[in-house]
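Following: one structure in structure tokens, then a few remarks.
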Amino acid sequence: MPRELTGRHVLMITLAAFGTIIAVNLFMAFKAVGTFPGLEVKNSYVASQNFDRERNAQAALNWTVTPDYDGRELVLAIRDGQGNPAPVSTLEVTVGRPTHLRDDQRPQFTYQGGLFHAPLELASGLWNIHLTATAPDGTVFRQRIDHYHGSRVN
């Protein structure tokens, strides 16, 4: 003989269902915050104080960066406003995926004929080239360049 469904049973079923949903949501929220806290800088107010000054100094350099990748080597052409090789004192580059850090690479560049060359192997897909160069006067030039390597499906 089947048992009678009482108000107490309905209450227990409802509490179990909502309890499960709330527990899963809390678990996912803690995992999301734990893997990416969302911090770009430690103190956004302090970072904002220098932003306009640094942006204007970088714009005054009038540099452009053109990447070229043939599957084996990344070549960066950094040019000044007249199209001549820019006078770069230091260069740091990180090539990585937009979504995670595990594939990040820091190629070591050599300077030849007005171009920066570095051996590099990239899998197919979207990559970001994060470039930080320093001018002889100490002005820092930063740029992120989106780069797609591999074949595209049309």
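The values are calculated or read from the model by the stated rules, or taken from the named source; none is laboratory data. These figures come from a predicted structure and were not determined experimentally. Positions of Cβ are generated from backbone atoms using ideal geometry, with glycine treated the same way; all protein chains shown enter the neighbour counts. These accessible areas exclude ligands, DNA and RNA; they are computed on the full protein's heavy atoms, side chains included. Shrake-Rupley method; radii C 1.70, N 1.55, O 1.52, S 1.80 Å.
Brief remarks follow.
- Val46 - accessible surface, heavy atoms, 1.4 Å probe, Å² rounded to 10: 80
- With both labels modelled 7 Å from their Cα along Cα-to-Cβ, the Lys42 to Thr94 distance reads 1.6 nm.
- For region 37-154: rounded, prolate or oblate by the Cα gyration tensor [a/c cutoff 1.5]: oblate
- Averaging the sequence gap over all C-alpha pairs within less than 8 Å and six or more residues apart, then dividing by the number of residues, gives the chain a relative contact order of 17 percent.
- Solvent exposure, largest accessible area first (probe 1.4 Å, DNA, RNA and ligands not counted), of His130, His117, His100: His130, His100, His117
- Farthest positive-ward along region 43-105 dipole, Cα basis, beta-carbon charges - from Ala47, His100, Gln58: Ala47
- Just checking the listed ones, Phe18, Phe116, Phe36: in the Gaussian network model of the chain with Cα springs under 10 Å, the one fluctuating most is Phe18.
- Between helix 7-35 and the chain: long-axis angle, C-alpha atoms, 0 to 90°, nearest 10: 10
- Between the listed residues Leu74, Phe36, Ile129, the Cα displaced farthest toward the positive end of the dipole of region 1-131, a dipole computed from Cβ unit charges relative to the Cα centre, is found at Phe36.
- Cα centroid of region 14-37 to Cα centroid of region 82-143, whole Å: 40
- Of Gln58, Gln108, Gln82, the one that fluctuates the most in a GNM where the chain has Cα springs shorter than 10 Å: Gln82
- Two-site FRET efficiency, Ala59 against Thr35, from Cβ-Cβ distance with R₀ of 25 Å, rounded to 0.05: 0.10
- Cα gyration tensor category, rounded, prolate or oblate, for region 36-100 with a/c compared to 1.5: oblate
- Taking Cα atoms only, the orientation of helix 44-61 departs from the longest principal axis of the chain by about 30 degrees.
- GNM top mover of Asn56, Asn84, Asn43 - the chain, alpha-carbon springs below 10 Å: Asn43
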